[in-house]
Amino acid sequence: MELDNAVKFFQGKTILITGATGFLAKVFVEKILRIQPNVNKLYLLVRASNNKSAKQRLYDEIISKELFKILCNNWGSKFDALISNKVKAVAGDISFENLGLNDSELREEMQKEIQIIVNVAASTDFSERYDDALDINTFGAFNVLNFGKKCDKVKLFLHISTAYVCGEEIGIILEKLKRRNDMNIFEEKRLAEEQLSQLQNQCIPDKAITSSMKEFGLERAKLNGWPNTYVFTKAMGEMLLERFKGDLPLVIIRPTIIASTYKQPFPGWIEGVRTIDSVLVNYGKGKLTCFPGNLNSALDVIPVDMVVNVMVVAIEVHYAQHQYSCETIYHVGTSSKNPLKLSDLRNLSHYYFTKNPWIDTNGQKVEAGKLIVFSTINRFFLYMKIKYVLPLKF
C-alpha cells in the first residue's frame, strides 16, 4: 500500500540525486522511472569536466547498463525520449561549494525547481585517504545540504549513511548516546590539511603521501572510537547534517551490507565485486580455504532493491514534514528478523559452487571444498603456521 501511495506522490516531482553513477543510485533512478515515468525531472550530479562529458557518463555508466533492460523493453523506441525528457546529467562535485556547478544559469534553474534531494555520493573505501574521505563523506554531505537550503521549493533532504556509524559497540545503542556533540569536525579538517601540507613540504612521492594520509585517517578514526576511516567520516557527515539542517526535513537511511537485487527490476543484478562479494569470488576460485569467525554470527546483508524501497517510501512519508524538529533515521538490515548466519553463507556458497563450479583460465573446473571456519584467532594462526609457514621454512 505504501508503494502505491509513493507511485502517485512522485508524479511531477523534481529530484536531485548525487553519486548518480554509483550502485545504489542507479537502482534508485531505475525504480523512479519505472514506477512513475511522469516524474518531472531527475537531476543526476556526475563528476565530469563539463555537461557534455556528464551526459556521456550518463549513457555509458548508467542508462546502458543491464539494470535498465526492462525499462528499455517496456518503452521500446520511446526509451531514449523518456531519458532525454526526464533525466538530466549535470557536471559537478560535492567536494566543492555549490556542488562545483560552474554553469550559473543551470544552477539557478536547479535551485528554482528541485523539491527533493537524495544524497548518495560517498567514498566507501574503508582506508581512504583522510583528506579525500573528509571532502566526500563529511564535508561533501555538508555542501549538498547548503546547496539544498538555497533551493526555493525543497521539502526533503534524504541522506544515505551506513549502519556502522555506531562503531564497534554491541547490543542496543540508543541514538542519543551515539551522538558526539563535543566533536570539533572542522578541527578534523584542519588537522588533515595540516598533515597533508607537512607531507607535501617534505617533497616525498605522491604514493608515499597517499599511504601516509591513509594511515593518518585510520589513526584519527581509532582515536575517536571508530574502526576505520569510512564509518568515521560518514558519522561526522551525519553530525554536520544534524547540526546545520535548520528547518529542512532530514531523513537518514543507514543500510547494512548492500547486496544484489532480490526481485526488482529482476533478481541478481549487481555491479562489480563489492564488500562481501570478494570473499565469495575468492572462495569460488579456490583461493580462500579458511576464515576466522563465529559460525553463529549474523552477516547483515540487505538486497539493494529493498534499500531503494525504503528510500522511496521514506521520501513520500516525510516530504514537507516541517513540524518535526529532529531528523528521522531508518536502519535497513535483516539481522533482527531474518538473519543470514556465517554458517548459512558457508553452506550456501559450497552448494552453489558445487553445482556451478568456477572455470579457470585453462578451461578447468575449480573444486571448492567446504570453507574451514576457525572460532578463535589462535586456531587460525596455528593452522596458518602448520599449513604455510613451516613448509616454507623447510
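The values are calculated or read from the model by the stated rules, or taken from the named source; none is laboratory data. Keep in mind that what you see is a predicted model, and the values were worked out from it rather than measured. Heads up, the Cβs are rebuilt from the backbone with ideal geometry, glycines too, and the neighbour counts pull from every protein chain shown. We work out accessible area using only protein heavy atoms, side chains counted, and drop any ligands, DNA or RNA first. Shrake-Rupley method; radii C 1.70, N 1.55, O 1.52, S 1.80 Å.
Observations on the structure shown:
- Viscosity 1.567 mPa s, 4 °C: Kirkwood-radius Stokes-Einstein D of the chain over Cα pairs, µm²/s: 56 µm²/s
- Taking all protein chains as shown and a probe of 1.4 angstrom, I204 keeps an accessible surface of around 50 Å².
- Carbon + sulfur, % of accessible area of the range 335-394 - ligands and nucleic acids excluded, 1.4 Å: 58 percent
- Distance-filtered residues of the range 276-290 - backbone nitrogen under 20 Å, label point 7 angstrom along T376 Cα→Cβ: 290
- Taking all Cα-Cα distances within the range 181-248, those exceeding 18 Å account for 44%.
- Cβ-Cβ distance of D4 and K337, R₀ of 35 Å, FRET efficiency by 1/(1 + (r/R0)^6): the value works out to about 0.90.
- Spin-label zone in the range 84-112 - amide nitrogen under 20 Å from a point set 7 Å from the Cα of S53 along the C-beta vector: 88-107
- The chain, relative contact order in percent, only Cα pairs under 8 angstrom and at least six apart counted: 16 percent
- Shape category assigned to the range 79-136 from the gyration tensor of Cα positions, a/c cut at 1.5: prolate
- With only the Cα atoms considered, the range 240-374 has a convex hull volume of 152 Å³ per residue.
- Loop-located trypsin sites (Lys or Arg not before Pro) in the range 352-383 whose Cβ has at most 15 other Cβ within 10 Å (DSSP): K370
- Short-range pairs are left out: with C-alpha atoms under 8 Å and at least six residues apart, the relative contact order of the range 1-131 is 34 percent.
- Rounded FRET efficiency, nearest 0.05, which uses the C-beta distance separating K385 from V281 and R0 of 25 Å: 0.40
- Ellipticity estimate at 222 nm from DSSP helix runs (n ≥ 4, -39,500 (n - 2.57)) divided over the chain, nearest 500: -13000 deg cm²/dmol
- For the range 2-86, radius of gyration divided by Kirkwood radius, i.e. Rg to Rh on alpha-carbons: 0.95
- Cβ-Cβ distance of T354 and F394, R₀ of 25 Å, FRET efficiency by 1/(1 + (r/R0)^6): the value works out to about 0.15.
- Using the 1.4 Å probe convention, the accessible area of the range 210-347 works out to 44 Å² per residue with neighbouring protein chains retained.
- When the GluC sites (Glu not before Pro) in the range 310-368 are filtered for DSSP coil states and for at most 15 other beta-carbon atoms within 10 Å of their beta-carbon, the remaining sites are E367.
- Extending 7 Å from the Cα toward the beta-carbon at both I172 and T124 defines two label points whose distance is 3.0 nm.
- Computed over protein heavy atoms with a 1.4 Å probe, the accessible surface of the range 120-201 works out to 50 Å² per residue.
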